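K.L.:
One structure is given below, represented as structure tokens, and several questions about it will come after.
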Amino acid sequence: MEPEIEGATDLLVTAVAVAASIVVALLVGVILSAVVRRAGRRNELMRDLSYRLRRPDRAVLLVVAVWLAVRATTDASTPWLPAVEHLLLIALIVVVAWWVGAFAFVLEDSALQRFRVDNADNRHARRVRTQITVVRRLTVAVIVVCGIAGVLLTFDAARAAGASLLASAGLISIVAGLAAQTSLANVFAGMQIAFTDAIRVDDVVVLEGEWGRIEEITMTYVVVHLWDDRRLIMPSTYFTTTPFQNWTRRAADLLGTVELDLDFTAPVGAMRAELRRLLSLTELWDERVGILQVTDAVGGYVRVRALVSASDAPTLFDLRCFVREGLVDWLQRAAPGALPRYRLADAWSLLPDDAGSATGHEPSSPGGDGTAPAVGTAPAADLPVPPARPPRLPTNRGALRADAPVVVGRLRAAGGGTRAGARPDDDRTELLPAQDGARTDEEVPEAAESAFFSGTAEGEERSRAFAGPGHEAIEERERTAENAAVREEEWREVGPDGAAADGDSAHDEAADRRPGG
């Protein structure tokens with residue numbers, strides 16, 4: 001009975017020691033938390049450490065205290081000691097992984113608080129937050145994998161299996177690579193996107209025929225917020241394997257075009273003046289580029305292109321719509337003859353001057369067949385020559401409606417009258433002479449419903465969302481590019497082996513051999 005009593009006594013001593021160690025560990029944990037909390041009154045990082053590491057600290061202290069108590073009160077020959085120590089080792093691996101993960105989260109949260117998104121210019125902050133989020137996910141994955149591997153390696157069978165896996169790593173890597181090729185490719189592409197700065201949160205991009213801004217970047221996919229509030233989910237590999245447009249890669253300002261197909265009689269000079277007037281009336285234009293050119297003249301039409309500039313993509317969209325609407329309205333009012341049209345000619349306009357007398361009848365004589373030639377076939381000497389540029393007209397729509405139509409009836413107003421022999425047509429609109437009047441420069445107010453990215457609170461918010469990463473982020477990109485160029489130039493001057501003198505002498509020799517050197 002003595003061995004049994006001795007074993008029971010040892011077990012009781014071990015239990016008491018374990019209980020005492022638990023109490024001591026809890027007391028140490030409370031004291032440590034109080035000290036860290038007191039230090040955190042002046043340091044936000046210490047306060048976060050006190051709050052987030054309170055439970056992991058106590059768990060680690062408990063496992064370590066219990067293990068020390070068991071080892072101190074138990075002989076090495078005790079049969080149940082190896083199993084208990086194995087369990088305590090597994091518990092220690094788990095709680096240490098928990099503590100490391102909590103500590104990493106505290107550091108990442110502290111970094112996130114430095115880059116807040118509630119500021120006015122938060123583009124750079126969003127980029128950094130995206131990278132920190134990717135780092136957090138990688139940290140969690142690494143800690144979990146390391147913890148599981150550490151637990152498995154505590155078993156002899158698992159270590160033997162690990163040695164076998166290492167021996168056949170070539171075949172297994174091929175099979176695993178083929179099975180997880182797409183997933184791994186997306187993971188590595190997401191890491192590449194986050195840290196190479198190919199795109200960042202709030203960049204304005206064009207892909208798959210759609211334009212929008214980068215809303216979220218993860219390790220496997222990218223969310224693109226399209227201009228009409230749709231979300232386009234693209235795999236991360238798309239941005240590393242497919243060409244796409246990034247409108248805010250180095251700058252946010254853009255150029256845009258407004259193209260109109262017009263008649264060959266379009267008054268280009270007057271349109272150019274009207275474009276300048278329209279641009280002067282709006283704050284959407286950034287005053288960099290505002291020109292009007294004739295870019296094509298085929299197919300019976302003249303293609304007129306207005307090239308304008310704006311500070312960002314949403315502003316450019318509204319500016320193009322504003323210019324297009326203004327030019328179309330001006331053409332309708334001031335130069336309707338420049339609108340696209342089909343020209344039709346009857347047979348009389350294609351015959352020689354004496355073709356009508358071959359039959360003994362003049363086309364417009366009372367004894368003729370009564371068919372009048374088309375309007376516009378009279379000799380040029382019978383018609384007055386219109387001015388090179390039409391007079392400047394009022395821009396107020398109400399005043400124009402009160403007046404008469406202006407430009408199309410200019411020939412009639414100049415005294416052209418009705419052609420001899422031309423019969424009145426009930427289906428033709430009668431044009432009255434233009435009234436003389438000075439042009440008024442009254443600005444037509446821009447209606448809120450005519451602009452998608454401006455004019456309303458929602459439009460302004462939408463414009464800020466699609467404006468790009470901001471000047472701070474763009475300037476940072478410029479500095480990064482300049483530093484990279486300087487480093488590359490220095491590397492070229494020094495050379496890979498540091499032989500700068502030889503390279504300089506060779507360069508000088510080549511310069512001496514050039515003519516005029």
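Read-outs: derived from the displayed coordinates by stated rules, not from any lab. Quantities reported herein were computed from a predicted structural model and do not represent experimental measurements. Here Cβ is always computed from backbone atoms with ideal geometry, including for glycine, and neighbour counts include all displayed protein chains.
K.L.:
Can you give the net charge of the other residues whose Cβ lies under 13 Å from the Cβ of GLU108, counting K and R as +1 and D and E as -1?
P.N.:
+3
K.L.:
Grab the Cα-Cα distance for LEU232 and PHE195, subtract it from 0.36 nm times how many residues apart they are, and report the gain in nm with one decimal.
P.N.:
11.1 nm
K.L.:
Let me ask another. Using a 10 Å cut-off around each Cβ, can you sort ASP296, ASP253 from fewest to most neighbouring Cβ atoms?
P.N.:
Ranking ASP296, ASP253 by Cβ neighbours within 10 Å, fewest first, gives ASP296, ASP253.
K.L.:
Could you list VAL268, VAL66 so that the one with the fewest beta carbons within 10 Å of its beta carbon is first and the one with the most is last?
P.N.:
VAL268, VAL66
K.L.:
Can you pull the semi-axes for segment 20-76, root of five times each eigenvalue of the Cα gyration tensor, sorted largest first, whole Å?
P.N.:
29, 9, 6
K.L.:
Take the Cβ-Cβ distance between ARG55 and GLU287 as r, set R0 to 60 Å, and report the resulting FRET efficiency rounded to the nearest 0.05.
P.N.:
Efficiency for this residue pair is about 0.50.
K.L.:
Here's another thing I want to ask about it. Please rank VAL201, VAL134, VAL16, fewest neighbouring Cβ atoms within 10 Å first, as an exposure proxy.
P.N.:
Least to most surrounded, the residues fall as VAL16, VAL134, VAL201.
K.L.:
Here is a further query. Modelled label-to-label distance, GLU460 and VAL294, 7 Å Cα→beta-carbon offset: nm?
P.N.:
4.4 nm
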